[in-house]
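Worksheet: one structure, shown below.
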Amino acid sequence: MRIRRLPDGVINRIAAGEVIERPASVVKELVENAIDAGATAIDVIFAEGGRTLIRVTDDGCGMDPQELTLAVERHATSKLADDALLRIETMGFRGEALPSIGAVSRLSIVSRPPGAETAHEIRVEGGRLAGPKPAALGGGTRIEVRDLFYAVPARLKFLKSQRAETTEASEVVKRLAMAHPDIAFSLTGNERNLLTYPAGTRDEAGFRRRLGAIMGREFTENALTVAEEREGVRLTGLAGLPTLNRAYANMQFLFVNGRPVRDRQLTGAVRGAYQDTLPRGRHPMLALFIDCAPEDVDVNVHPAKAEVRFRDQGLVRGLIVGAIRRALAAAGHRASTSLGGAALDALNETAPPQAAGPADAAHYPPAPQRQPYAMAGLAEQAAAYHAPLDLPAAAPSAAPRPAHGLPGLAEPSADARIEEASAQDAGQVARPLGAARAQLHENYIVAQTEDGVVIVDQHAAHERLVYERMKAALARDGIARQPLLVPEVVDLDETAADRLIAAGDELADLGLVLEGFGPGAVAVREVPALLGKVDAKAMLQDLSDELGELGEIFTLKEHIDHVLATMACHGSVRSGRRLKPEEMNALLREMEATPRSGQCNHGRPTYVELKLADIEKLFSRR
């Protein structure tokens, strides 16, 4: 078969297949163009899932007749002042969006720049241009896309339902609205208003209001401010508390220089930042904005501009991990306010209670499975590394006491209680977690605050306290290594072996000492003592894969933290232990002083706070 040049129409339809994947792709390209045009208000109409009509109207700078004609030619753009593709300061830059849309739909553009006597319109149908001609428009630009994919009907078969396509378009508008709180956005579908975001300010308060409108008030009430800068890269935004989490990562929003991105390395950094604070399989809520010099990031690596590549990926990853961890540490014992609401909702339910098993089984799911390459028993390790809270010895079981002389009342089921608030307790009631008043079912501490009640899971809380102590000791004294009597030689492919050897210094800091042993082979000489007996081949393969995928070692760090967490679990105050009032108050005070004490090592909340006003509503007092 001889080589031939494809017709322009086919070339345009192939380009459209890369840029215009679905109706939401059209919305993204057109709204980004409106943002680049300096618009302060952008209105989107999206009819029948985008199949019949997509209309985007803005009040931006507009185009004159000559620019209109040029705008629908491939690779014609106003967004590159020169040919420097490594200095992109706009949302778009390739000049492919409008000609690609015009190749597969019936496209019309009406535009009027400031000071022009009239607007002008052009039409493109299946790649054929008509116009420009005078038209009516007050200012800015209006773009209509009708009968999308009529020129390539095979693409219509791959579209989803109208509801699914409309939802995807809504997500596109939401993401762009998050990054530009100073622009008003609206989305209308099938004559029904779907989204309306009025213009705000481009400061921290404006971003918080816009994020609250999109992600919900619950998020902004339980989110921590993130604001750090390192070597010219600035990170800002909001990161949700660990106890505010979701089953999927669809509430994680990342932006680079105002551009929404989905980047595996950035999401990997988020995972590392929330390590040991989330339940397995759960994801945090957050919106983070990375701003850096345009030449430090390459946005020209994906047709839809959904991925980016940083000049110094390690710097950005370290900035994300460090900033989020410091924000979580500064939050101390703080937990999500939604926990109290969930508890009150449970109290309001009228369904009959289900049969419950033992208390420990009901409230403590089994610890996450250990990695397959760790075999050591933890009982002996817990004894060696145990760093418990300095609590007095447990009080012996007290004999039943009379019920204050009240006739006909049996002894309550509480395992322990505090009769009255002493003068010494008065100051503790004003503390964030209040003063201990009782211990219920030998596991739950009930504390009184100035405006509510706090219920603490004593085992989960003490588990976090012990874990943080152990981590601090490990950071201070280093990771103990266990030399192997006979070095274990592991055969890998040469690329995997080279990655591990290049990361040898970092691995040595984590207690894993290895060296090259010929092409594609690595000799393991020392392993972290915490891991005990290990499957070296499985561990090295996991580490190599992770280095290739993310560029950083998470597996070994996570596994060491997992061993510490399990040891802390075994060395903590157990469920069923009775505590004296001074023991309970000591636990509350140390929780207030310990970072991340709002959740245990497995991500479960350590306490729930109920406000007095909400409790009074349960009893119709307000």
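General remarks:
- Selection within the range 248-264: residues that are part of a strand (DSSP E or B), touching a residue at least 60 places away in the same chain (Cβ under 8 Å) and under 14 Å from V308 (Cβ atoms). The member of this set that is nearest to the chain's Cα centre (by Cα) is F255.
- Among residues of the range 208-236, those that are more than 24 Å from A164 (Cβ to Cβ) and either of a type in the set (V, I, T) or out of contact with any Leu (no Cβ under 8 Å at 6 or more places or on another chain) (or both), counted: 12
- Selection of first residues in the range 430-448 that are assigned by TED's automatic domain parsing to the domain that holds K580 and of second residues that are among the polar types (S, T, N, Q) and crowded, with 23+ Cβ neighbours inside 10 Å, restricted to Cβ pairs under 8 Å at least 6 apart or on distinct chains, gives the following pairs, ordered by first then second residue: Q439/Q458; N443/Q458; Y444/Q458; I445/Q439; I445/Q458; V446/Q439.
- Selection within the range 211-226: residues that are small (G, A, S) and without any contact (Cβ under 8 Å) to a residue 60 or more places away in the chain. The member of this set that is farthest from P181 (Cα to Cα) is G216.
- Test: residue in the range 475-495 that is of a type in the set (A, V, I, L, M, F, W, C), in contact with a helix residue (DSSP H, G or I) (Cβ under 6 Å, 6 or more places away or on another chain) and surrounded by fewer than 19 Cβ atoms within 10 Å (Cβ to Cβ): yes
- For the range 304-320, the criterion of being touching a Cys at 6+ places or on another chain (Cβ under 8 Å), outside any loop (DSSP other than H, G, I, E, B), of a type outside the set (V, I, T) and at pLDDT below 90 is satisfied by at least one residue.
- Matching residues, the range 192-204, being out of contact with any strand residue (DSSP E or B) (no Cβ under 8 Å at 6 or more places or on another chain) and not small (G, A, S): R192, T201, R202, D203
- The lone criterion from (1) part of a loop (DSSP other than H, G, I, E, B); (2) modelled with pLDDT of 80 or more; (3) among the charged types (D, E, K, R) left unmet by D83 is number (2).
- Among all residues of the range 564-571, there is at least one that is modelled with pLDDT under 75 and either in a loop (DSSP other than H, G, I, E, B) or surrounded by fewer than 19 Cβ atoms within 10 Å (Cβ to Cβ) (or both).
- Residue that is surrounded by the most Cβ atoms within 10 Å (Cβ to Cβ) [pool: residues in the range 191-212 that are assigned to a strand (DSSP E or B) and touching a Ser or Thr at 6+ places or on another chain (Cβ under 9 Å)]: Y197
- Only one of T52, T77 that is within 15 Å of R146 (Cβ to Cβ) and over 32 Å from the mean Cα position of the chain (by Cα): T52
- If you go through the range 228-247 and pick out every residue that is touching a Ser or Thr at 6+ places or on another chain (Cβ under 7 Å) and without any contact (Cβ under 8 Å) to a residue 60 or more places away in the chain, you end up with 1.
- Scanning the range 71-92 turns up no residue that is more than 19 Å from R259 (Cβ to Cβ), touching a residue at least 60 places away in the same chain (Cβ under 8 Å) and in contact with a strand residue (DSSP E or B) (Cβ under 9 Å, 6 or more places away or on another chain).
Per-residue answers, yes or no, for (1) surrounded by fewer than 18 Cβ atoms within 10 Å (Cβ to Cβ); (2) of a type in the set (F, W, Y):
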residue: R142; (1), (2): no, no
residue: Y150; (1), (2): yes, yes
residue: L159; (1), (2): yes, no
residue: A164; (1), (2): yes, no
residue: L176; (1), (2): no, no
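- In the range 96-108, the count of residues that are touching a Ser or Thr at 6+ places or on another chain (Cβ under 7 Å) and outside the structural domain of D298 (by TED's automatic domain parsing) is zero.
- Residue check, A205 of a type in the set (A, V, I, L, M) and under 28 Å from I45 (Cβ atoms): no
- Per this entry, S544 is not counted among residues that are among the polar types (S, T, N, Q), at pLDDT below 85 and more than 27 Å from the chain's Cα centre (by Cα).
Rundown of residues vs (1) modelled with pLDDT of 90 or more; (2) in a strand (DSSP E or B); (3) not assigned by TED's automatic domain parsing to the domain that holds D58, yes/no style:
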site	(1), (2), (3)
I214	yes, no, yes
F219	yes, no, yes
A239	yes, yes, yes
T243	no, no, yes
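The values are calculated or read from the model by the stated rules, or taken from the named source; none is laboratory data. As the structure is a computational prediction, the values presented were derived from the model and not from experiment. No Cβ is skipped: glycine too gets one built from the backbone with ideal geometry, and neighbour counts run over all protein chains shown.
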